Amino acid sequence: MHVNKKYGRSLLALRGRGLLLVVSIGLLFMIANDALLRTAARLNPISRVNWLFQTPPTDFDIAILGSSLAKEGLDPVQLSEITDRDVVQLAWGGRGLAEQSLYWEIFQNRHNCQLLLLELHPLGLEQDAFQHPLDEFRYLQRLDEPIVERHLIRHCGRWQVWLWRWLPMLGMAEFNTLVGWHDLLALRHGGMFDPNTMGENSTLRTVAELHEQRANSNFQPGNRPIDARSVTQFVEILELCRAKGIQVLAFYPPKFAGITAADEQSLARYREIFQNQLPGWDVPIYVVRNANYLQEPTCFQDAFHLNSNGCRNFTRELAEQVLSHGAP
């Protein structure tokens, strides 16, 4: 009987050590996999976030900041040719002022420009206008950067950022591990992110489709309350420009058939911010109101986004504004 009890305890101890070994091996695998994927994400040469850090500090003449409205609507190469200035495109689709303020601060911390072309998105100051206003995943591997850490804490909370930093694979599991493996494949295939690359965009819509989109209340400004955080982030972009002596030319993106009364109210909100929170700083705002191409369905991929035809027109117009305002 004594022997059987001793044997049973030994068997339990053996099983316990085996379980501990399995757990330890699993944990080590998670830590190693997490380190591998984070390193790949940090080194991925085709990441728009990594471009900010991997590109040597550069003095640009003009930078463009905004959402897909600016990304699709302004051709930096054409703008550079007309103005004879060095232009960089910082706009990106689907991201709101949370992303723009972070991206702009990182850009200004490493690079420089003399003039910022700043998009005034019709819905940019409103709550829930963007489903995913900040691309958190692309910044997780940069939590050692104080700017990144501060912005993510403000947007996601200190506890969440702490978990992302110290809990292996949490970020990968939350945002999709396949994205991390995409970074590894990008390292293998090479290449480099070019912010000024324009996509081939010749999409066309019928006049009826464009008018239906234009009338859709979900895309009209003024139907959501103002988001105080978005206002703060917008002001931060401008205050950073003023502190560094960067000129700003703001623009309201073109819309098929011209802007509406709701757009005028959206513009008024932006002007109010300039007047009340940035007194004494006269920022010019360019609005396309009567251009012929606004009535041309061949210039729009949808009621709010220009296609390549419309992009050429709007870029030419804004280039003229840049030159008329004495571009540096």
Review point. Does any residue in the range 217-236 that is hydroxyl-bearing (Ser, Thr, Tyr) come within less than 7 Å, Cβ to Cβ, of a residue that is open to solvent by less than 60 Å² (accessible area, probe 1.4 Å) six or more places away or on a different chain, and which pairs are these?
Key: Ser230/Gly96; Ser230/Leu97; Ser230/Gly124; Ser230/Leu125
Study note, to complete from the structure: Picked from the range 270-286 (must be in contact (Cβ under 8 Å) with a residue 40 or more places away in the chain and open to solvent by less than 80 Å² (accessible area, probe 1.4 Å)), the residue nearest to Leu125 (Cα to Cα) is Tyr270
Review point. If Val161 passes every condition in (1) out of contact with any helix residue (DSSP H, G or I) (no Cβ under 7 Å at 6 or more places or on another chain); (2) hydrophobic (A, V, I, L, M, F, W, C); (3) without any contact (Cβ under 8 Å) to a residue 24 or more places away in the chain but one, which one does it miss?
Key: (1)
Exercise for review: Output the residue which, of all residues in the range 287-306 that are in contact (Cβ under 8 Å) with a residue 24 or more places away in the chain and loosely packed, with under 15 Cβ neighbours inside 10 Å, is nearest to Leu116 (Cα to Cα).
Suggested key: Arg289
Revision key, fill the gap. Scanning the range 199-230 residue by residue, those of a type in the set (A, V, I, L, M, F, W, C), open to solvent by less than 90 Å² (accessible area, probe 1.4 Å) and closer than 22 Å to Ala98 by Cβ turn out to be Ile226, Ala228
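Residue-by-condition table, conditions (1) surrounded by fewer than 18 Cβ atoms within 10 Å (Cβ to Cβ); (2) at pLDDT 95 or above:
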{"position": "Leu102", "(1), (2)": "no, yes"}
{"position": "Gln108", "(1), (2)": "no, yes"}
{"position": "Leu115", "(1), (2)": "no, yes"}
{"position": "Gln131", "(1), (2)": "yes, no"}
{"position": "Tyr139", "(1), (2)": "no, no"}
Review point. How about the range 81-100: which of its residues are without any contact (Cβ under 8 Å) to a residue 40 or more places away in the chain and open to solvent by 10 Å² or more (accessible area, probe 1.4 Å)?
Key: Glu81, Asp84, Asp86, Gly93, Gly94
Exercise for review: Those residues that are outside any loop (DSSP other than H, G, I, E, B), of a type outside the set (Ser, Thr, Tyr) and touching an Asp or Glu at 6+ places or on another chain (Cβ under 9 Å), I need them from the range 286-306; list them, please.
Suggested key: Val287, Pro297, Leu306
Exercise for review: Please state which of the following conditions Thr260 fails to meet, knowing it meets all the rest: (1) more than 12 Å from Leu118 (Cβ to Cβ); (2) among the β-branched types (Val, Ile, Thr); (3) at pLDDT 95 or above; (4) in contact with a Pro (Cβ under 9 Å, 6 or more places away or on another chain).
Suggested key: (3)
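The values are calculated or read from the model by the stated rules, or taken from the named source; none is laboratory data. On a predicted model such as this, the values are computed, not experimentally measured, just so you know. Every residue, glycine among them, receives a Cβ derived from its backbone with ideal geometry; neighbour counts consider all protein chains shown. SASA here: full protein model, heavy atoms, side chains in, ligands and nucleic acids out. Shrake-Rupley method; radii C 1.70, N 1.55, O 1.52, S 1.80 Å.
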